[in-house]
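First up is the structure itself, then whatever we jot down about it.
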Amino acid sequence: MADALRYAGQALAYAAFAVVIGYFSTSPAYRYLAPDQGLLRLSFKHPGKVKADCRKRTAEELAKLQPQFRTEMDCPRERSPVHVRVELDDRLLYDASFPPAGLSRDGASSGYRRLPIEAGTHKLRVQVNDDVRVQGFNHERSAEVEVRPGQVVLIDFVADQGGVII
(Lines give C-alpha, C1' and ligand atoms only; values in the text may rest on other atoms or scores of the structure.)
Protein backbone atom coordinates (compact mmCIF):
# COMPACT_ATOMS: atom_id res chain seq x y z
CA MET A 1 0.00 0.00 0.00
CA ALA A 2 2.86 2.40 0.87
CA ASP A 3 4.50 1.75 -2.51
CA ALA A 4 1.26 2.51 -4.34
CA LEU A 5 0.90 5.84 -2.50
CA ARG A 6 4.51 6.73 -3.23
CA TYR A 7 4.07 5.99 -6.96
CA ALA A 8 0.78 7.92 -7.08
CA GLY A 9 2.41 10.94 -5.37
CA GLN A 10 5.35 10.78 -7.78
CA ALA A 11 2.99 10.60 -10.79
CA LEU A 12 1.03 13.57 -9.42
CA ALA A 13 4.26 15.61 -9.00
CA TYR A 14 5.36 14.76 -12.57
CA ALA A 15 1.93 15.73 -13.92
CA ALA A 16 2.00 19.06 -12.07
CA PHE A 17 5.50 19.75 -13.41
CA ALA A 18 4.36 18.91 -16.97
CA VAL A 19 1.37 21.26 -16.64
CA VAL A 20 3.61 24.12 -15.47
CA ILE A 21 6.08 23.54 -18.32
CA GLY A 22 3.22 23.30 -20.83
CA TYR A 23 1.67 26.55 -19.63
CA PHE A 24 4.91 28.56 -19.74
CA SER A 25 5.84 27.19 -23.17
CA THR A 26 2.88 29.05 -24.69
CA SER A 27 1.94 31.74 -22.17
CA PRO A 28 2.32 34.60 -21.67
CA ALA A 29 2.47 35.35 -25.39
CA TYR A 30 5.64 37.18 -26.45
CA ARG A 31 5.33 39.91 -29.06
CA TYR A 32 8.42 40.57 -31.14
CA LEU A 33 7.02 43.79 -32.60
CA ALA A 34 4.05 46.07 -32.10
CA PRO A 35 1.12 45.21 -34.42
CA ASP A 36 1.83 48.18 -36.72
CA GLN A 37 5.61 47.70 -36.98
CA GLY A 38 8.05 46.04 -39.33
CA LEU A 39 11.71 45.32 -38.75
CA LEU A 40 14.93 46.38 -40.46
CA ARG A 41 17.61 43.82 -39.74
CA LEU A 42 21.23 44.81 -40.40
CA SER A 43 23.39 41.71 -40.55
CA PHE A 44 26.78 41.33 -42.20
CA LYS A 45 30.28 39.88 -41.89
CA HIS A 46 32.84 41.67 -44.02
CA PRO A 47 36.61 42.19 -43.78
CA GLY A 48 37.46 45.85 -44.24
CA LYS A 49 40.32 46.91 -46.50
CA VAL A 50 43.87 46.73 -45.15
CA LYS A 51 44.62 49.95 -43.25
CA ALA A 52 47.96 50.69 -44.92
CA ASP A 53 49.80 49.70 -48.09
CA CYS A 54 52.85 47.48 -48.15
CA ARG A 55 56.18 49.27 -48.09
CA LYS A 56 59.67 48.23 -49.11
CA ARG A 57 62.15 47.89 -46.24
CA THR A 58 65.48 49.68 -46.44
CA ALA A 59 68.80 47.81 -46.35
CA GLU A 60 69.42 49.08 -42.80
CA GLU A 61 66.05 47.76 -41.61
CA LEU A 62 66.71 44.36 -43.21
CA ALA A 63 70.15 44.16 -41.55
CA LYS A 64 68.59 44.69 -38.10
CA LEU A 65 66.18 41.78 -38.56
CA GLN A 66 66.99 38.15 -37.84
CA PRO A 67 67.65 36.16 -41.05
CA GLN A 68 64.34 34.27 -40.97
CA PHE A 69 62.39 37.57 -40.80
CA ARG A 70 64.18 39.33 -43.66
CA THR A 71 61.45 39.89 -46.18
CA GLU A 72 61.79 42.80 -48.52
CA MET A 73 58.18 43.95 -48.18
CA ASP A 74 56.56 45.00 -44.89
CA CYS A 75 52.80 44.48 -45.13
CA PRO A 76 50.60 45.39 -42.15
CA ARG A 77 47.77 43.02 -41.27
CA GLU A 78 45.36 45.38 -39.51
CA ARG A 79 42.08 45.98 -41.33
CA SER A 80 39.80 48.99 -41.41
CA PRO A 81 36.65 49.01 -39.30
CA VAL A 82 33.38 48.87 -41.24
CA HIS A 83 31.29 52.02 -40.75
CA VAL A 84 27.54 51.70 -41.48
CA ARG A 85 24.94 54.45 -41.68
CA VAL A 86 21.21 53.81 -42.19
CA GLU A 87 18.80 56.62 -43.05
CA LEU A 88 15.04 56.18 -43.17
CA ASP A 89 12.92 58.87 -44.85
CA ASP A 90 15.91 61.28 -44.89
CA ARG A 91 16.53 61.03 -41.15
CA LEU A 92 19.37 59.19 -39.45
CA LEU A 93 18.20 55.88 -37.99
CA TYR A 94 21.51 54.17 -37.17
CA ASP A 95 25.20 55.08 -37.39
CA ALA A 96 27.92 52.78 -36.05
CA SER A 97 31.40 51.46 -36.70
CA PHE A 98 32.21 47.76 -36.33
CA PRO A 99 35.85 46.93 -35.45
CA PRO A 100 37.70 44.03 -37.09
CA ALA A 101 37.97 40.78 -35.16
CA GLY A 102 41.16 39.10 -33.99
CA LEU A 103 44.10 39.91 -31.75
CA SER A 104 45.91 41.57 -34.63
CA ARG A 105 42.66 43.21 -35.78
CA ASP A 106 42.99 41.40 -39.09
CA GLY A 107 39.68 39.55 -39.18
CA ALA A 108 36.27 40.35 -40.57
CA SER A 109 33.99 42.92 -38.95
CA SER A 110 30.63 41.52 -37.90
CA GLY A 111 27.50 43.56 -37.43
CA TYR A 112 23.99 42.75 -36.31
CA ARG A 113 21.26 45.19 -35.35
CA ARG A 114 17.45 45.04 -35.16
CA LEU A 115 15.71 48.31 -36.00
CA PRO A 116 11.91 48.35 -35.52
CA ILE A 117 10.14 50.77 -37.90
CA GLU A 118 6.57 51.76 -38.64
CA ALA A 119 4.81 49.78 -41.37
CA GLY A 120 4.31 51.61 -44.66
CA THR A 121 6.32 52.92 -47.59
CA HIS A 122 9.75 54.28 -46.69
CA LYS A 123 12.78 55.65 -48.47
CA LEU A 124 15.77 53.66 -47.21
CA ARG A 125 19.40 54.69 -47.71
CA VAL A 126 22.32 52.55 -46.51
CA GLN A 127 25.95 53.73 -46.67
CA VAL A 128 29.02 51.64 -45.87
CA ASN A 129 32.70 52.54 -45.63
CA ASP A 130 35.18 49.66 -45.37
CA ASP A 131 38.38 51.67 -46.01
CA VAL A 132 39.77 54.27 -43.56
CA ARG A 133 41.74 55.86 -46.40
CA VAL A 134 38.48 56.90 -48.13
CA GLN A 135 36.62 59.98 -46.88
CA GLY A 136 32.86 59.50 -46.67
CA PHE A 137 31.30 56.25 -47.83
CA ASN A 138 32.52 54.04 -50.67
CA HIS A 139 29.37 51.85 -50.92
CA GLU A 140 25.79 53.08 -51.01
CA ARG A 141 22.32 51.80 -51.87
CA SER A 142 18.98 53.58 -51.80
CA ALA A 143 15.61 51.93 -52.22
CA GLU A 144 11.96 52.51 -51.60
CA VAL A 145 10.61 49.70 -49.46
CA GLU A 146 7.04 48.75 -48.65
CA VAL A 147 7.04 47.32 -45.14
CA ARG A 148 3.99 45.34 -44.02
CA PRO A 149 3.27 44.78 -40.29
CA GLY A 150 5.53 42.00 -39.05
CA GLN A 151 7.71 41.99 -42.19
CA VAL A 152 11.49 41.81 -41.87
CA VAL A 153 13.66 43.75 -44.34
CA LEU A 154 17.25 42.50 -44.41
CA ILE A 155 20.24 44.77 -45.00
CA ASP A 156 23.40 42.85 -45.87
CA PHE A 157 26.79 43.64 -47.33
CA VAL A 158 28.38 41.31 -49.89
CA ALA A 159 31.28 42.87 -51.80
CA ASP A 160 31.12 40.26 -54.60
CA GLN A 161 27.45 41.05 -55.28
CA GLY A 162 27.77 44.81 -55.58
CA GLY A 163 28.05 45.83 -51.94
CA VAL A 164 24.91 46.77 -50.02
CA ILE A 165 21.96 44.40 -50.49
CA ILE A 166 18.45 45.32 -49.34
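The values are calculated or read from the model by the stated rules, or taken from the named source; none is laboratory data. Because the structure is a prediction, the values reported are computed rather than measured. A quick note on method: Cβ atoms are made from the backbone with ideal geometry, for glycine too, and the neighbour counts reach across all protein chains shown. Just so you know, the surface numbers come from the protein's heavy atoms only, side chains and all, with ligands and any DNA or RNA stripped out. Shrake-Rupley method; radii C 1.70, N 1.55, O 1.52, S 1.80 Å.
Can Arg31 be described as within 30 Å of Glu144 (Cβ to Cβ), without any contact (Cβ under 8 Å) to a residue 60 or more places away in the chain and open to solvent by 100 Å² or more (accessible area, probe 1.4 Å)?
When the stated conditions are applied, Arg31 passes them.
Conditions (1) of a type in the set (Phe, Trp, Tyr); (2) loosely packed, with under 15 Cβ neighbours inside 10 Å; (3) touching a residue at least 12 places away in the same chain (Cβ under 8 Å), marked per residue:
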| site | (1), (2), (3) |
| --- | --- |
| Arg91 | no, yes, no |
| Pro100 | no, no, yes |
| Arg105 | no, no, yes |
| Ala119 | no, no, yes |
| Val128 | no, no, yes |
| Val132 | no, no, yes |
| Pro149 | no, yes, yes |
| Val153 | no, no, yes |
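Tell me yes or no: at least one residue of the stretch 57-80 is touching a Gly at 6+ places or on another chain (Cβ under 7 Å), closer than 21 Å to Val164 by Cβ and of a type outside the set (Gly, Ala, Ser).
There is at least one residue in the stretch 57-80 that is touching a Gly at 6+ places or on another chain (Cβ under 7 Å), closer than 21 Å to Val164 by Cβ and of a type outside the set (Gly, Ala, Ser).
Would you mind telling me which numbered condition in (1) in contact with a Leu (Cβ under 8 Å, 6 or more places away or on another chain); (2) modelled with pLDDT of 90 or more; (3) not basic (Lys, Arg) Leu33 fails?
(2)
Just checking, how many residues over the stretch 89-138 are assigned to a strand (DSSP E or B), among the acidic types (Asp, Glu) and over 21 Å from Ala34 (Cβ atoms)?
Number satisfying all stated conditions: 1.
Considering each of Val128, Val84, Val134, Val158 in turn, give the residue that is modelled with pLDDT under 90, under 28 Å from Cys54 (Cβ atoms) and touching a strand residue (DSSP E or B) at 6+ places or on another chain (Cβ under 8 Å).
Just a single option satisfies the conditions, and that option is Val158.
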